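What follows is a set of notes on a single structure, which appears directly below.
The values are calculated or read from the model by the stated rules, or taken from the named source; none is laboratory data. Just so it is clear, the structure is predicted and the values come from calculations on it, not from any experiment. Counting neighbours? That spans all protein chains shown, and the Cβs are built from the backbone with ideal geometry, glycine included. Surface accessibility is based on the protein's heavy atoms, side chains included, excluding ligands, DNA and RNA. Shrake-Rupley method; radii C 1.70, N 1.55, O 1.52, S 1.80 Å.
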Amino acid sequence: MNSQSKFNQYEYLEISETETSHGRIVSVFLNNPNSRNSMTWKMGEEFYHLIQQIWKQKNLPRALVLSGKNDVFCAGGDLNLLRSFSEKSFSQNKRDMKKFYSFFLSVRDLPIPVIAACNGHAIGAGLSLAFACDFRIFAEEGKYSFNFVRLGIHPGMGSSYLAPELLGKSLGTFLLMSGDQFDGKRAKEIGLAYDVVTKQKVIERAMELAESLTKASPLAIQELKANLYSKKKLDQALKKEAESQARNFISEDFKETIQSILEKREPKFLGR
């Protein structure tokens with residue numbers, strides 16, 4: 001049975017809950033219709049607040065499904081947010097990027113199964129968010145890419161750690177360095193997606209998986225998640241990413257990135 005959630009109090013998130021015979025499933029939808037669910041600072045604050053709310057519940061939900069409204073998962077960082085970074089100092093960007101990552105990557109700390117239902121495109125930090133989840137259901141026709149280097153910036157949102165962790169050093173490095181796009185079928189071939197279905201069936205398939213996972217012991221799942229992921233290694237990667245992106249944001253190449261986006265053309269990087 002689906003129901004509106006008591007969490008439904010956010011501008012950039014839509015939340016609902018589903019009761020199953022083994023417990024609740026919480027569904028969270030990124031909802032920024034003006035820019036393909038791109039990540040804003042406000043969305044990040046709301047997302048982090050929601051994760052803390054879930055943590056504080058006496059009876060935790062048994063699973064969480066993360067998806068996007070408007071036929072897209074997430075287009076990455078919001079353009080206005082990225083532009084604001086180009087106007088800040090290195091020290092400001094270093095501090096702000098680490099905090100911005102922590103907003104969204106807080107989902108990785110939840111002691112319950114988290115499924116990314118990528119019902120449309122997931123680009124840059126949006127794809128990194130999907131990588132931070134335990135499982136991914138991808139749309140066959142969706143486009144997925146770590147496009148950071150094509151924007152003149154070091155990969156962020158934990159992707160420099162998460163991509164090699166999930167895909168191995170060689171393939172993970174290639175996707176980060178090339179910024180190449182791939183579709184859902186390719187995601188399944190390389191082991192990134194648990195399953196791939198048509199866009200219309202992504203949420204349904206994710207809910208099926210979530211319900212199957214509610215049958216496991218919540219205590220066992222909590223212990224398993226604590227042992228599966230290395231928080232220390234991810235934190236180290238995030239620190240390096242924040243420093244690298246902080247330098248990139250004040251570079252001439254990144255200013256060229258912003259200008260090229262506004263002018264709808266390919267950027268011409270000069271390496272400075």
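For (1) over 30 Å from Q236 (Cβ atoms); (2) modelled with pLDDT of 95 or more; (3) aromatic (F, W, Y); (4) open to solvent by less than 20 Å² (accessible area, probe 1.4 Å), each residue gets a yes or a no:
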| position | (1), (2), (3), (4) |
| --- | --- |
| N2 | yes, no, no, no |
| F7 | yes, no, yes, yes |
| W41 | no, yes, yes, no |
| G44 | no, yes, no, yes |
| V65 | no, yes, no, yes |
| G68 | no, yes, no, yes |
| S84 | no, no, no, no |
| K98 | no, no, no, no |
In region 26-53, anything closer than 21 Å to V72 by Cα and β-branched (V, I, T) is listed as V26, V28, T40
For region 137-147 the number of residues that are open to solvent by 10 Å² or more (accessible area, probe 1.4 Å) and either at pLDDT below 95 or out of contact with any Gly (no Cβ under 6 Å at 6 or more places or on another chain) (or both) is 2
Exception for N59 within (1) surrounded by fewer than 21 Cβ atoms within 10 Å (Cβ to Cβ); (2) at pLDDT 95 or above; (3) in contact with a Gly (Cβ under 9 Å, 6 or more places away or on another chain) falls at (2)
How about region 103-158: which of its residues are β-branched (V, I, T) and under 25 Å from R24 (Cα atoms)? V107, I112, V114, I115, I137
When residues of region 187-204 are limited to those that are of a type outside the set (A, V, I, L, M) and more than 19 Å from the chain's Cα centre (by Cα), the one farthest from F146 (Cα to Cα): E204
Which numbered condition trips up D78, out of (1) without any contact (Cβ under 8 Å) to a residue 60 or more places away in the chain; (2) more than 29 Å from E252 (Cβ to Cβ); (3) of a type outside the set (G, A, S)? (2)
Within region 226-239, which residues are loosely packed, with under 10 Cβ neighbours inside 10 Å and not polar (S, T, N, Q)? L228, K232
In region 159-189, residue most open to solvent (accessible area, probe 1.4 Å) [restricted to those that are more than 22 Å from I250 (Cβ to Cβ) and assigned to a loop (DSSP other than H, G, I, E, B)]: Q181
Unique match (being part of a helix (DSSP H, G or I), of a type outside the set (F, W, Y), in contact (Cβ under 8 Å) with a residue 60 or more places away in the chain and under 24 Å from T257 (Cβ atoms)) among G120, G126: G126
Search result, residues across region 192-222 that are within 30 Å of Q181 (Cβ to Cβ) and among the small types (G, A, S): A193, A206, A210
Would you be able to say whether some residue in region 226-246 is of a type outside the set (A, V, I, L, M, F, W, C), touching a Lys or Arg at 6+ places or on another chain (Cβ under 6 Å) and at pLDDT 95 or above? yes
Identify, please: which residue in region 190-225 is of a type in the set (G, A, S), at pLDDT 95 or above and surrounded by fewer than 14 Cβ atoms within 10 Å (Cβ to Cβ) and is, among those, nearest to F73 (Cα to Cα)? S212
Need the failing condition index for E266 against (1) modelled with pLDDT of 95 or more; (2) loosely packed, with under 11 Cβ neighbours inside 10 Å, just the number. (1)
